[in-house]
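Q: The structure follows.
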């Protein structure tokens with residue numbers, strides 16, 4: 001057994017002869033066979049191995065550099081048994097070994113670690129280089145972001161300002177993508193035409209006679225127009241249309257549409273300003289009532305009434321509460337803070353045409369489509385707001401529906417627009433009797449929702465007409481003061497300006513809005 005082991009090839013990682021003596025005959029033969037296979041394999045791979053000296057890769061840094069620059073074996077030529085090398089090599093093999101050896105020697109020479117003085121010298125040299133200018137650095141970063149497909153972030157306020165500045169003035173504001181305008185153009189600016197009248201107490205109302213501007217932009221009938229009740233914002237004009245939108249205009253100077261609101265999916269039947277002038281209350285045929293922020297156009301509150309809304313009105317002493325009526329026998333009172341129905345007023349009617357709060361907000365009047373003489377629920381119904389009880393349902397006995405109501409700003413009375421082509425006057429105190437000797441006649445209604453409105457001082461009563469005219473009456477003498485041939489289509493609303501004298505806005509069934517003075 002010892003004689004057989006002495007003839008084997010000795011490897012660095014092979015076991016000693018004494019260890020082999022302790023093994024069995026079978027284990028020795030297996031080791032011999034493994035050694036022979038390894039020897040043959042190294043002989044075959046000799047042409048592609050790197051032969052290096054034992055001290056070639058002593059530093060760890062040199063080893064990493066060589067491994068980075070090429071696939072260099074850490075095995076040295078001395079670690080192989082002489083018999084493992086081929087007995088003879090061709091010329092190209094010898095040339096290949098010499099070239100690899102020269103290349104490895106160059107790597108070892110150039111990869112030597114720097115000394116501490118050399119490192120300090122390089123650091124001091126780097127400190128003397130001037131910094132890159134900020135503009136150049138920003139340009140590189142921008143170009144890098146653009147090349148990578150990442151768009152730089154631009155603040156929203158800057159985007160809005162850039163959008164407004166780049167808009168062509170010949171296009172109206174509603175054609176701007178997203179309809180984004182500066183906030184200052186809506187609530188912060190004071191019209192130069194309105195400003196001189198703010199320091200003085202409003203005088204007697206006048207009669208408008210000339211056309212000041214024509215506002216076109218709605219694609220459907222405009223149901224109502226209303227000036228902002230806040231004096232310094234009274235140049236703002238609100239319009240609600242059957243084209244599912246409502247808009248705010250500059251009705252004093254430029255006539256531009258300042259913002260388009262698309263909060264509804266159905267026709268906008270009614271709209272009004274809140275007392276602060278910062279929000280709008282609208283009712284629509286999509287069964288919802290919405291409170292919208294004037295500046296941002298965002299919905300503050302959206303409430304589902306489960307019926308088509310035809311009229312909305314704010315409580316005079318509590319603007320957080322409003323009433324909704326429409327295609328239902330129920331009138332709902334909503335609290336915009338909790339978004340809940342706080343009161344319900346039930347009547348045996350088919351629909352509510354209009355709602356009018358009397359002074360103080362204790363009672364209110366609803367107008368219905370009920371015209372039958374033998375019905376207990378008449379056309380006009382007076383309600384107690386707190387108890388939800390009917391105060392009176394025998395106010396109006398004639399067989400005409402009343403599409404709109406208006407309360408006098410100073411006296412204890414209100415008027416009702418009737419389909420009998422006249423306006424009737426009622427007392428706002430119980431039992432709400434009608435004055436049969438005072439009727440305002442001369443205009444036509446003919447089934448349209450023609451509205452009526454008092455001037456701020458209560459001396460002039462204005463009404464639209466199905467003929468397209470706007471009519472102005474003296475409230476006390478019931479005499480018609482002037483007829484303004486405003487539109488070719490039915491004129492649905494006439495709104496008198498709260499500050500500017502002899503100024504009014506009209507709207508018609510064709511979607512046209514006009515301002516007169």
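The values are calculated or read from the model by the stated rules, or taken from the named source; none is laboratory data. All values reported here derive from a predicted model rather than from experimental measurement. A quick note on method: Cβ atoms are made from the backbone with ideal geometry, for glycine too, and the neighbour counts reach across all protein chains shown.
Q: Quick check on my filter: what residues within the stretch 337-364 are without any contact (Cβ under 8 Å) to a residue 12 or more places away in the chain and either crowded, with 17+ Cβ neighbours inside 10 Å or in a loop (DSSP other than H, G, I, E, B) (or both)? Steps first, please.
A: Within the stretch 337-364, the subset without any contact (Cβ under 8 Å) to a residue 12 or more places away in the chain is 338, 340-341.
Across the stretch 337-364, the qualifying residue is only 338.
Q: Here's something else I'd like to know. What residue, of 280, 323, is over 21 Å from the mean Cα position of the chain (by Cα) and within 23 Å of residue 237 (Cα to Cα)?
A: Exactly one of 280, 323 is over 21 Å from the mean Cα position of the chain (by Cα) and within 23 Å of residue 237 (Cα to Cα), namely 323.
Q: If you don't mind, another one. Does residue 501 satisfy being out of contact with any strand residue (DSSP E or B) (no Cβ under 9 Å at 6 or more places or on another chain), surrounded by fewer than 24 Cβ atoms within 10 Å (Cβ to Cβ) and farther than 25 Å from residue 435 by Cβ? Reasoning before the result, please.
A: Working: out of contact with any strand residue (DSSP E or B) (no Cβ under 9 Å at 6 or more places or on another chain): yes; surrounded by fewer than 24 Cβ atoms within 10 Å (Cβ to Cβ): yes; farther than 25 Å from residue 435 by Cβ: yes.
It is true that residue 501 is out of contact with any strand residue (DSSP E or B) (no Cβ under 9 Å at 6 or more places or on another chain), surrounded by fewer than 24 Cβ atoms within 10 Å (Cβ to Cβ) and farther than 25 Å from residue 435 by Cβ.
Q: Of everything in the stretch 503-517, what is under 16 Å from residue 237 (Cβ atoms) and assigned to a loop (DSSP other than H, G, I, E, B)? Give them in sequence order.
A: Step one: list which residues in the stretch 503-517 are under 16 Å from residue 237 (Cβ atoms), which gives 503-508, 511-517.
Matches in the stretch 503-517: 503, 511, 517.
Q: Same structure, new question: Kindly establish whether residue 431 is surrounded by fewer than 20 Cβ atoms within 10 Å (Cβ to Cβ) and farther than 23 Å from residue 470 by Cα. Spell out how you get there, then give the answer.
A: Working: surrounded by fewer than 20 Cβ atoms within 10 Å (Cβ to Cβ): yes; farther than 23 Å from residue 470 by Cα: yes.
Against the criterion (surrounded by fewer than 20 Cβ atoms within 10 Å (Cβ to Cβ) and farther than 23 Å from residue 470 by Cα), residue 431 qualifies.
Q: Would you mention how many residues in the stretch 234-250 are closer than 17 Å to residue 223 by Cβ and in contact with a strand residue (DSSP E or B) (Cβ under 6 Å, 6 or more places away or on another chain)?
A: First, pick out the residues of the stretch 234-250 that are closer than 17 Å to residue 223 by Cβ: 237-249.
Subset that is in contact with a strand residue (DSSP E or B) (Cβ under 6 Å, 6 or more places away or on another chain): 237-241, 245-249.
Here the count works out to 10.
Q: Another question about this same structure. Check off (1) assigned to a loop (DSSP other than H, G, I, E, B); (2) in the same structural domain as residue 321 (by TED's automatic domain parsing); (3) at pLDDT below 95; (4) surrounded by 19 or more Cβ atoms within 10 Å (Cβ to Cβ) for residue 264 and give me the number that stays unchecked.
A: (3)
Q: In the stretch 289-318, what count of residues is obtained for those that are under 15 Å from residue 270 (Cα atoms) and outside any strand (DSSP E or B)?
A: Matching residues across the stretch 289-318 total 3.
Q: Can we say residue 305 is on the phi > 0 side of the Ramachandran plot and under 29 Å from the mean Cα position of the chain (by Cα)? Even if it seems obvious, please write down each step before you answer.
A: Values: on the phi > 0 side of the Ramachandran plot: no; under 29 Å from the mean Cα position of the chain (by Cα): yes.
Considered against the rule, which asks whether it is on the phi > 0 side of the Ramachandran plot and under 29 Å from the mean Cα position of the chain (by Cα), residue 305 comes out as no.
Q: Next question, about the same structure. Condition first: crowded, with 17+ Cβ neighbours inside 10 Å and in contact with a helix residue (DSSP H, G or I) (Cβ under 8 Å, 6 or more places away or on another chain). Now tell me which residues in the stretch 206-231 satisfy that.
A: The one that is crowded, with 17+ Cβ neighbours inside 10 Å and in contact with a helix residue (DSSP H, G or I) (Cβ under 8 Å, 6 or more places away or on another chain): 217.
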